[in-house]
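The values are calculated or read from the model by the stated rules, or taken from the named source; none is laboratory data. All figures in this text were calculated on a predicted structure; none of them were measured in a lab. Heads up, the Cβs are rebuilt from the backbone with ideal geometry, glycines too, and the neighbour counts pull from every protein chain shown.
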Amino acid sequence: MTGEPGSGKSYTINEYVRYLRAHDIEPAITASTGIAATQIGGMTIHSWSGIGIHTELDKHDIHRIASSKHVNKRIRGTNVLIIDEVSMLPPKTLAMVEAVCREARQNYEPFGGLQIILVGDFFQLPPIIKKKDENLPAGQAGDPDQIVLLDEPEARFAYDSSAWTRAHPVTCYLTEQHRQDDKNYLGILSAIRDNTFSMKHVKHLEDRRTTYDKVPNEAPKLFSHNVDVDLVNKDMLSQLPGELMEFTMRSYGPAGLVATLKKGCLSPEFLNLKVGASIMFTKNNPRAGFVNGTLGIVEGFREDDNYPMIRTRRGQLITVEPMDWGIEEAGMSKATIIQMPLRLAWAITVHKSQGMSLDEAVMDLSEVFEYGQGYVALSRVRRLSGVHLIGWNQRAFQVHPEVIFKEKEFQISSGLAEKEFKELSSKIIAQRHEFFIKICLEK
């Protein structure tokens, strides 16, 4: 399942998960990165499949992983596997997951006969290529903090994987837009995807060009590099008067799983706040009045427990309480971290903004170094009036040239699938639904 940012991919997956659970089927919900996994309440595909940090596996490795009691039980007990943000998954990783699934289930159909749902937009950030540390055992990646971008390998995307080819997935391309409602802005974003971005579009963005001294202080700033984000947030917080309040993350469970949750959580382990601090919510709680990406200002701290009181952009005052991020297996909690669903929002990296919807943002795209990075930043914001551009470089409006051709293929494939389903009667579709549920429950 693919489509533009804001087309409803996450919403559709959440609805399908609710449907499955209503029929007593628990899907495996995974994602390619820790950040994406925490946002959907799942775990990384690396953890779920047991491949961990390995970048290569031989037959003995596959057998060893698939024979692990916990991994084997997890895979054999799954009927539906969802992988979100598949665009950030290297092809070798998908192939390793597929091989482990076949071995664990002793079923040599693609992915061992699992229903697999791959979700993502390949125009967004591509897989990160890690520099190999020669001091580590063969097949293991280097320190994740020492990630560097290398020359493009021959095959970089998940759809190049032999596992993707064997699975022969049906394509569902979502075309409706639920984030942006500004025609000019939609035209700019579509032009970037279609590789038709021109001076006409530059003119619209030039109207949004500004300087640091003129940008609204409360709007989050998107940068390409972590160092810029940390400098801005620390500097802005230090300039505020008043008492500093620190909220420390609590954790429960095995150290490895806790470390995975912490790495993927948008809330920091140590959250420092002051009255007047610009913040962003990092988790969804629509009933309480916020979702991941909602912006606000710290207005005060509740007297009895010092919980922060946030005034959102829409004027709502919310007293924020700690929330949890967890990893579950078969309905049982395996690991949990607990923290305020907040982070300082004067600045954030483009990478961590993926999946968010923002009312406005300040963007410095002058140091964009990867295809899709500028597109991800721009597509976070709902309207052109909410974009404040400091600058950009040539790469900022470029998407991967290979993906442009693949996109057309996805659209054609989706159109054919839609036509095929439309030719089926509602009775036949209902029968297929019932049969699928029956098969899942029998296993």
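Evaluating E246 against the criteria (1) exposed (fewer than 14 other Cβ atoms within 10 Å of the Cβ); (2) modelled with pLDDT under 95 leaves one unmet condition, (2). Look at I65 and say whether it is out of contact with any Leu (no Cβ under 8 Å at 6 or more places or on another chain), crowded, with 18+ Cβ neighbours inside 10 Å and either modelled with pLDDT of 90 or more or over 18 Å from L174 (Cβ atoms) (or both). So I65 fails the test.
If the condition is being hydroxyl-bearing (S, T, Y) and either assigned to a loop (DSSP other than H, G, I, E, B) or closer than 20 Å to P216 by Cβ (or both), then segment 357-378 contributes S357, S366, Y371.
Among the residues of segment 1-22, those that are aromatic (F, W, Y) and either touching a Phe, Trp or Tyr at 6+ places or on another chain (Cβ under 8 Å) or touching a residue at least 24 places away in the same chain (Cβ under 8 Å) (or both) comprise Y11, Y16. Looking at K214, K200, just one residue is out of contact with any strand residue (DSSP E or B) (no Cβ under 6 Å at 6 or more places or on another chain), closer than 30 Å to F410 by Cα and exposed (fewer than 14 other Cβ atoms within 10 Å of the Cβ), and that residue is K200.
Residues that are touching a Phe, Trp or Tyr at 6+ places or on another chain (Cβ under 9 Å), of a type in the set (D, E, K, R) and either crowded, with 22+ Cβ neighbours inside 10 Å or assigned to a strand (DSSP E or B) (or both): does segment 339-356 have at least one? Within segment 339-356, one or more residues are touching a Phe, Trp or Tyr at 6+ places or on another chain (Cβ under 9 Å), of a type in the set (D, E, K, R) and either crowded, with 22+ Cβ neighbours inside 10 Å or assigned to a strand (DSSP E or B) (or both). Would segment 414-434 turn up any residue that is under 31 Å from the mean Cα position of the chain (by Cα), in a helix (DSSP H, G or I) and of a type in the set (D, E)? Taking every residue of segment 414-434 in turn, at least one turns out to be under 31 Å from the mean Cα position of the chain (by Cα), in a helix (DSSP H, G or I) and of a type in the set (D, E).
Residues are listed down the side, and each one gets a yes or a no for (1) within 20 Å of A347 (Cβ to Cβ); (2) not polar (S, T, N, Q):
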site	(1), (2)
T210	yes, no
N226	yes, no
L257	no, yes
G276	yes, yes
G289	no, yes
T294	yes, no
G300	no, yes
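For segment 273-307, a residue qualifies if it is over 25 Å from the mean Cα position of the chain (by Cα) and over 17 Å from E218 (Cα atoms), and the qualifying residues are F301, R302, E303, D304, D305, N306, Y307. Here is the figure for segment 10-44: residues that are in a helix (DSSP H, G or I), at pLDDT 90 or above and either basic (K, R) or farther than 27 Å from L186 by Cβ (or both) total 6.
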